[in-house]
Amino acid sequence: MTKGIAGTGAGTDQPATRRFIIGEHDFSAPRLEAGLYIVATPIGNLGDITVRALETLAASAVIACEDTRATGTLTHRFGLKTPLMPYHEHNADKQRPKILAALEKGEAVALVSDAGTPLVSDPGYRLVRDVLEAGHKVVPIPGASAPLAGLVGSGLPSDTVLFAGFLPQKGGPKKTRLAELGAIPATVILFESPRRLGATLATMSEIMGPAREAVVARELTKRFETFERGTLAELAEKFAGDPPKGEIVILVGPPQDSQEASEEDAEELLRQALTEMPVSAAAKQVAKQTGLDRNALYKLALDLKSDGN
């Protein structure tokens, strides 16, 4: 095993806790300034870790992580000896003062999630806010990100993008949120669990429109990575059976131009909306979804309501 490389300052006096291994080569990590380092880690393939991330993890006084077992797999792979501290939403109030105390002593602390970039759809931002309010440095160490990996492989427009995280689980709030997202002129990126995927796609088809272009990205960067492309209706049908395995990212293309929304689509959307809300609210929601005239939709909704009664 090689002990150090040219230009790194590696040597036999280098503390073991400030070293890391790539393949058969042993590297030293430069010392870090005091601060909280937000370190992105691989979302599947461990080869996606960056050299800068390894240097940061090796040189930190402690690594704050969601699950020490998950992060332990990463640290073992690269020979990292930095102590691990569990930090997650259930123990944050207890652990946050310890992290702030370490920063006060002039130490560097690394924050990681189980996979990907911390703070993306997790509560780590509260720690960052407290660290900043205490006057300490916060340093992002970018790397793997499931939303971006899904976006660049999806084939959907990437000029305007909205990451919406996880949807509400209950039906009413979920439909309301989807109606809001469906009107935004952007590619929308969502996380979803495999067991809810089929039902969520069916609801998305109902609220956002069955012809809306979408992609389901599964197991990104892993051996069985797949991209399933089609309309929301097609994808809802495909995943209506047994739930798939693995991590899921759903991407939905921007809404079609208003000229492309048919009266038949608008009528179906109104029928669905009227089961949950009054006429005025239903017309407003469908107007956002389709770009059609709200007053015309209101009149149509009144007719549908009358026919229904």
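Computed from the coordinates by the stated procedures, all read-outs in this text should not be read as laboratory data. Not measured: the values here are computed from a predicted model. Note: ideal-geometry Cβ built from the backbone for every residue, glycine included; neighbour counts use all protein chains shown.
Taking first residues from the stretch 186-212 that are surrounded by fewer than 21 Cβ atoms within 10 Å (Cβ to Cβ) and partners that are in a strand (DSSP E or B) and among the polar types (S, T, N, Q), the Cβ contacts under 7 Å between residues at least 6 apart in sequence or on separate chains come to PRO210/THR231; ALA211/THR231. The residues listed here are GLU264, GLU213; of these, the one that is more than 19 Å from LEU178 (Cβ to Cβ) and among the acidic types (Asp, Glu) is GLU264.
If the condition is being among the polar types (S, T, N, Q) and under 24 Å from GLY165 (Cα atoms), then the stretch 240-299 contributes GLN256, GLN285, GLN289, THR290. Between LEU80, LEU100, LEU167, the distinction of being among the aliphatic types (A, V, I, L, M) and closer than 27 Å to VAL249 by Cα belongs to LEU167 only. Sub-7 Å Cβ pairs linking a first residue in the stretch 215-241 that is under 20 Å from ALA149 (Cβ atoms) to a second residue that is surrounded by 15 or more Cβ atoms within 10 Å (Cβ to Cβ) and among the polar types (S, T, N, Q), at least 6 apart or interchain, are VAL215/SER154; ALA217/SER154; PHE227/SER154, ordered by first then second residue.
Return yes or no: is SER158 crowded, with 21+ Cβ neighbours inside 10 Å and of a type in the set (Ser, Thr, Tyr)?
When the stated conditions are applied, SER158 does not pass them.
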